[in-house]
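Here the structure is laid out as structure tokens; the discussion comes afterwards.
The values are calculated or read from the model by the stated rules, or taken from the named source; none is laboratory data. These figures come from a predicted structure and were not determined experimentally. Cβ coordinates were reconstructed from backbone atoms using ideal geometry, including for glycine residues, and neighbour counts include every protein chain displayed. Only protein heavy atoms, including side chains, enter the accessible area calculation; ligands, DNA and RNA are left aside. Shrake-Rupley method; radii C 1.70, N 1.55, O 1.52, S 1.80 Å.
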Amino acid sequence: MQIEVPPAARGGLAGLPDGPREYHGFYRTPRLRWWHPVAALLLFLVCWGLAVLGATVVAVLYEVLAGGAELDDLAQGLETPALFLANNIGIALAVPAALLAHALVFGQRPGWLFSIHGRFRWALLGRVLLLAALVHAVALAAWLLVNGTPEGMRVRPDTWFLLAAVLLTTPLQAAGEEVAFRGLGTRIVGAWFTSTAVGLVAATATTTLAFVLLHGAQDLWLNVFYTCLALAASVLTWRTGGLEAAIALHVVVNLTTMLFLPFLGLAGFSDRGAGTGGAQAAVQVAAVLVTMALVGWQARRSGLPVRSGPLPLPAPAARS
């Protein structure tokens, strides 16, 4: 069966699969070599690490020179608006780092990292954003009805800065995590396996474990939440053939989590110790799983393909 190549993706097919693939198998191409996944991972980690370091250094210099903060206090984990912004920007810079590794090592255009159709599907992103927002709004309303609003909410000196930082950079931060883990990471692992099913399981398990460990939580419910979010994002990436649904879910989850942050302040915001999750994390788990189920149902109902890709390269003409 032939599959139509999107106009923007025609040409330059040498780095692409020679037939339809599921999302996680898109690096299994005729030009794949055993060292490509290793090179891509190292290139990504170096570039992303330098980007995060650069953003952090700028924030620290600002706090010391303009904010009067002490380096010792910052080293001890003092949380400031500038460091919050730097953290979001640093994670968001995973997107260009992943795209660089994607293009240089695997020779694919940027659009092919976002979906099996060679482009970013904005309409799908919008639909999942709306659906996820509705589910999480219901969950949040139920939580507030039972527990009331958090104590200590008020307008603070850094409220408006934090509100702007949350609204403008948190979606980019969520996209950065999805491109890194469910995008490049999933495909790097998937490239090692000839079996589609084994590759999917291995990629999902590996990226989920890395995602949970990177968050460094010591609370059981928080780890359950991070695990469910990673698994849901992996399932949606596979089922929709791209990162748009996973990005939308992650954006809504993070914005919901940070909804009251500008009015509560940053004190204890990054605390993931035992006892910091509890019932609130359980509610978030339920909202994530309900969203995953609804998006998966819609994807099946609309006939969204799991496998797609470029047309096979034409065979050279025979000489007479």
For the stretch 183-283, radius of gyration divided by Kirkwood radius, i.e. Rg to Rh on alpha-carbons: 1.03
In degrees, nearest ten, helix 159-178 long axis to first principal axis of the chain (Cα): 30 degrees
³J(HN,Hα), Karplus 6.51/-1.76/1.60, whole Hz, each residue of the stretch 97-107, x for Gly, Pro: 5, 5, 5, 5, 5, 4, 7, 6, 8, 9, x
Angle in degrees between helix 122-147 and the longest Cα principal axis of the chain, rounded to the nearest 10: 30 degrees
Shape metrics for the stretch 47-113, restricted to C-alpha atoms - Rg then Dmax, Å: 15.5, 47
The stretch 156-299 - percent of accessible surface contributed by carbon and sulfur, probe 1.4 Å: 74 percent
The stretch 130-225 - percent relative contact order, Cα under 8 Å, separation 6 or more: 16 percent
Prolate/oblate/rounded call for the stretch 220-279, Cα gyration tensor, a/c under 1.5 rounded: oblate
Ellipticity estimate at 222 nm from DSSP helix runs (n ≥ 4, -39,500 (n - 2.57)) divided over the chain, nearest 500: -20500 deg cm²/dmol
Calculated on alpha-carbon atoms, Rg and Dmax of the stretch 108-157 in Å: 18.5, 50
Highest to lowest packing among 197-203, 230-236, scored as the average C-beta count within 10 Å: 230-236, 197-203
Column: log10 I(q)/I(0), Debye, Cα scatterers of the stretch 13-86, q = 0.18 Å⁻¹: -0.75
Å² of accessible area per residue within the chain, as computed with a 1.4 Å probe and no ligands counted: 50 Å²
Whole-percent pair-distance distribution, where bins are 10 Å wide, for the alpha carbons of the stretch 136-186: 20, 25, 38, 16, 1
Leading residue at positive end of dipole, the chain (Cβ point charges), from 252, 285, 309: 309
Three semi-axes of the equivalent ellipsoid, the chain, Cα gyration tensor, whole Å, largest first: 38, 23, 16
The chain: angle of helix 81-92 to the longest principal axis, Cα-based, in degrees nearest 10: 10 degrees
Sorted peptide list for 299-305, 248-254, criterion being average Cβ within 10 angstrom, highest first: 248-254, 299-305
Segments 119-126, 26-33 sorted - mean Cβ within 10 Å per residue, highest first: 26-33, 119-126
The stretch 88-241 - Rg over Rh from alpha carbon coordinates, Kirkwood radius: 1.01
